[in-house]
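Taking it in order: structure first as structure tokens, then the write-up.
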Amino acid sequence: MSFIDHLEALRWHVIRAAISVVVFATIAFFSKNFLFHTLILGPSRADFWTYRMFCRLGALFGSSEPCADHVNFIIQNREMSGQLSMHISTSVIAGCILAFPYLFWELWRFIKPGLYPHERQNSQGAVFFVSILFISGVLFGYYIAAPMSINFLAGYTVDASIENQIDLQSYLSTLTTMTLSCGLVFELPMIVFFLAKAGMITPEIMQLYRKHAIVVILVLAAIITPPDVTAQIIVTIPIMLLYELSIHIARVVRRGDATRLNAKLARQQAEEEARTAIGPPIN
């Protein structure tokens, strides 16, 4: 294909991806009650699933400290068109999240024709695993990271006379940033998989720099969550588990590459021995 043909193919992939986002965003827009009251504003109420689970966990250990029986802040809108613009932008974000598997599939369809057969074979299931990891990260961010951060920030005061009246834009920014950040961070195993396939990273390197990785993960957890030690630890644990899983993935990739290389060398040696046994052609 020429360069213009590639641009034409890319254009249609982008158009189909944009249509999918518009479709899901439209569905989200007309599901206003579920989108805002149930999903978006869920972590702002004390009856949210995460808070209830923490209460049960605290009761199991005989402690009421992790129980959030109330959320101490008020969400307000200060702009005339604030709620309408927020409704539209939130629907678009929801459309992108819901359409993410299809978006990545369109990207994969554009990249796949340029790969060698063995590269296509090595990348089978990429769309499935990327989608699963992203959805898992989004769910973790929505149910764990974001509620803990919101609860901490809502209850933090410098003086009892100051009332927390949070702007709608600030609340949504905190919720979406933490949710999407966790979704992207959970892609670490797939990133390591492709880097290991390209020979750019090895399990020995990841093990050697494990201590440095722990520091980076702690800094990343501090960025995702507020300065709450409990929230940072809860966010750090799954990222560390993903890092250890990535080391195992890199080890499996290298073992598989070594096996295929040995099999290829064995076939070449067998073919060479067969030609030697037959002898030179007779004129």
- Note on the structure: For K197, counting only lysines whose alpha-carbon sits under 30 Å away and dropping same-chain residues fewer than eight positions off, the answer is K112, K211, K264
- Message: Can you compute the helix-only [θ] at 222 nm over the chain? Use -39500 (n - 2.57) per DSSP H run of at least 4 residues, normalise by all residues, nearest 500 deg cm²/dmol.
- Response: -23500 deg cm²/dmol
- Rg/Rh for region 148-237, where both radii come from Cα atoms and Rh is the Kirkwood radius: 1.12
- For region 87-127, Rg(Cα) over 2.2 N^0.38 Å is 1.57
- Task: Can you tell me how much longer the chain between W49 and A270 gets when fully stretched, taken as 0.36 nm per residue apart minus their C-alpha distance, in nm with one decimal?
- Result: 73.3 nm
- Query: Going by average Cβ neighbours within 10 Å, how do the peptides 47-55, 204-212, 174-182 rank, with the highest at the top?
  - Reply: 174-182, 47-55, 204-212
- Compute the accessible area per residue over the chain, keeping the other protein chains in place, probe 1.4 Å, unit Å². 63 Å²
- Query: Between I223 and Q124, what length comes free when the chain is fully extended (0.36 nm per residue of separation minus the Cα-Cα distance, one decimal in nm)?
  - Reply: 32.3 nm
- The percentage of the accessible area of the chain (probe 1.4 Å, all protein chains present) made up of carbon and sulfur atoms, to the nearest whole number, is 68 percent
- Query: Charges only on Cβ, +1 for Lys and Arg, -1 for Asp and Glu: so what's the dipole of the chain about the Cα centre, in debye to the nearest 20?
  - Reply: 820 debye
- Query: How high is the relative contact order of the chain, given as a whole-number percent (alpha carbon pairs under 8 Å, six or more residues apart)?
  - Reply: 19 percent
- Note on the structure: By the DSSP-based rule, helices of the chain that are at least 20 Å long along the axis (C-alpha) and have a mean Kyte score of at least -0.5 are 3-30, 82-98, 126-140, 168-185, 210-224, 229-278
- Given R₀ = 30 Å, FRET efficiency for F152-Q76 by Cβ-Cβ distance, to 0.05? 0.90
- Query: Computed from these coordinates, which is Kirkwood radius over Cα pairs in Å: (i) 18.7; (ii) 19.6; (iii) 22.7?
  - Reply: (iii)
- Item | Translational diffusion coefficient (Stokes-Einstein; Kirkwood radius from C-alpha pairs) of region 1-127 at 20 °C, 1.002 mPa s, in µm²/s | 115 µm²/s
- Item | Kirkwood-Stokes translational diffusion coefficient of region 213-259, alpha-carbon pairs, 37 °C, 0.692 mPa s, µm²/s | 279 µm²/s
- Message: Which residue, L84, A9, L139, has the largest displacement toward the positive end of the dipole of region 3-278 when charges sit on each Cβ (Lys, Arg +1; Asp, Glu -1)?
- Response: A9
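The values are calculated or read from the model by the stated rules, or taken from the named source; none is laboratory data. What you are looking at is a predicted structure, and each value in this text was computed from that prediction instead of being measured. Neighbour counts are summed over all protein chains in view; Cβ atoms, including those assigned to glycine, are modelled from backbone coordinates with ideal geometry. Ligands, DNA and RNA are stripped out before the accessible areas are found, and what is left, the full protein with its side chains, is counted by its heavy atoms. Shrake-Rupley method; radii C 1.70, N 1.55, O 1.52, S 1.80 Å.
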